Amino acid sequence: MAIDPPFFQKLDRLREMSFKLPWFLLLIVVLLPIAAHMVSVPVFEEVRTAFPVLRVDNDVFAFVKLMALLPLASLALFHAALVVRSQDQLPPTRTRNWLLPAAFAICTLVATLNSEYSSTAWWGFPGHYQGGAAVLAYIALYLSASWWPWRDRQLEACAIAVLAGGLAIAGIGLLQYFDIWQLDEGWIRPWILGDIADDPKINLKFTHQGVISATLYNPNFIGSYGALIVPYSVSLYLAASDRRRRACLFAISCLIFALLVGSNSRGGLYGALVGFVAVGFWHRHDLRASALKAVTLGAMMLVIYSGMGMGLGLSGRTGGQSTSGEHTNMAVTAGIIYLRRGRRSIAFQ
């Protein structure tokens, strides 16, 4: 039976649309931060030898992020390779971008496969899951971002995805901070906790009371995530010329900054401060034109800090590493590292 010609036309349109945006990279940036679902992960024998009590790791935040990251990162790299192939050749400015990541990937594989504790080296320690598989996924994301032929439309879509992911975490975190809604309450409890959702003794209020942990488990991971996103949104705000867009970016910057302050992570705040310095350097040529915008946003951030940060005391933690937060932070970093193609593109003007 002959296939109707319009069918091939639809396939061509679908193929054309799929090549217009880095869809899998966008999915990672938006969905990975909010991924949460309890998975009972058997503990490897070498870990049980050191920790005899630990038999099963009932992980909520880290393992599900890794399981989402691995296929999406692979698809993102394959998609970018298809786009490059459709252009007949790799752009000369990007040919060097695969050499160091490829060498790092080879070293990771050799070290992981030859490790005395190969299972843990490959998947990571329980509760963290930052092994060789995660490292290879980060390399794939870096390569897909560096190979992609970024233009204004793609830059705008990726920036929107970064901010959307930040807003989602900010919404969850602020609801948690003001004790309006927790992750183990309401309709979402069965999805996150699975078969043990009916047990009233099980709850997710096990991190640090009074501070934000959201879907990254540890407030320090919120801090390191906010330290990445807040300076980026501030840079977009300072560069925006359209009034509506500027107002929208002002609100987004304030909300994500509130998320950062609510995490009570001093390391996150220090990291954001360094980011603000970098943003000032980036906009040094038009500081006079951006001065009023910067002062307005800075004043609002001081109000937020006074209302939330002083109440928390900002004591104790000094910035997080690894586990579920780093799955998100490393993925977001790989996704936005090439969004530096000029102030005009980044500002969507």
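The values are calculated or read from the model by the stated rules, or taken from the named source; none is laboratory data. Note that the structure is predicted; figures quoted are calculated from it, not measured. Every residue, glycine among them, receives a Cβ derived from its backbone with ideal geometry; neighbour counts consider all protein chains shown.
Quick grid of which residues meet (1) modelled with pLDDT of 80 or more; (2) hydrophobic (A, V, I, L, M, F, W, C); (3) in contact with a helix residue (DSSP H, G or I) (Cβ under 8 Å, 6 or more places away or on another chain):
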{"position": "LEU11", "(1), (2), (3)": "no, yes, no"}
{"position": "SER18", "(1), (2), (3)": "no, no, yes"}
{"position": "HIS37", "(1), (2), (3)": "yes, no, yes"}
{"position": "SER74", "(1), (2), (3)": "yes, no, yes"}
{"position": "HIS79", "(1), (2), (3)": "yes, no, yes"}
{"position": "ALA103", "(1), (2), (3)": "yes, yes, no"}
**Fill in**
When ARG85 is run through (1) within 24 Å of ILE169 (Cβ to Cβ); (2) more than 19 Å from the chain's Cα centre (by Cα); (3) basic (Lys, Arg), the failure sits at (1)
**Prompt:** Does ILE160 qualify as being closer than 30 Å to ARG245 by Cα and in contact with a Leu (Cβ under 8 Å, 6 or more places away or on another chain)?
**Reply:** no
**Prompt:** Do we find that ALA102 is of a type in the set (A, V, I, L, M) and within 18 Å of LYS65 (Cα to Cα) in this structure?
**Reply:** no
**Message:** Just to be sure I understand, how many residues within region 268-291 are aromatic (Phe, Trp, Tyr) and in contact (Cβ under 8 Å) with a residue 60 or more places away in the chain?
**Reply:** 1
**Request:** Find the residue count for region 16-62, including only residues that are touching a Phe, Trp or Tyr at 6+ places or on another chain (Cβ under 8 Å), acidic (Asp, Glu) and closer than 30 Å to ARG151 by Cα.
**Result:** 0
**Asked** If you check GLY268, GLY298, GLY280, GLY275, which single one turns out to be in contact with a Ser or Thr (Cβ under 8 Å, 6 or more places away or on another chain) and assigned to a helix (DSSP H, G or I)?
**Response** GLY268
**Request:** Tell me, please, whether a residue that is hydroxyl-bearing (Ser, Thr, Tyr), assigned to a loop (DSSP other than H, G, I, E, B) and without any contact (Cβ under 8 Å) to a residue 60 or more places away in the chain can be found in region 211-227.
**Result:** yes
**Asked** Within region 242-253, is there a residue that is buried (at least 24 other Cβ atoms within 10 Å of the Cβ) and assigned to a helix (DSSP H, G or I)?
**Response** yes
**Asked** Which of the following residues is modelled with pLDDT of 80 or more and closer than 21 Å to LEU70 by Cα: LEU141, LEU155, LEU174?
**Response** LEU141
**Prompt:** If a residue has to be part of a helix (DSSP H, G or I), at pLDDT below 90 and of a type in the set (A, V, I, L, M, F, W, C) to count, how many in region 301-320 make the cut?
**Reply:** 3
**Request:** May I ask you to list the residues in region 163-205 that are farther than 20 Å from GLY262 by Cα and aromatic (Phe, Trp, Tyr)?
**Result:** TRP187, TRP191
**Complete:** Among ALA289, ALA258, ALA331, ALA278, the single one that is crowded, with 18+ Cβ neighbours inside 10 Å and at pLDDT 50 or above is ALA258
**Complete:** Scanning region 180-194 residue by residue, those touching a residue at least 12 places away in the same chain (Cβ under 8 Å) and surrounded by 14 or more Cβ atoms within 10 Å (Cβ to Cβ) turn out to be GLN182, LEU183, ASP184, ILE192, LEU193, GLY194
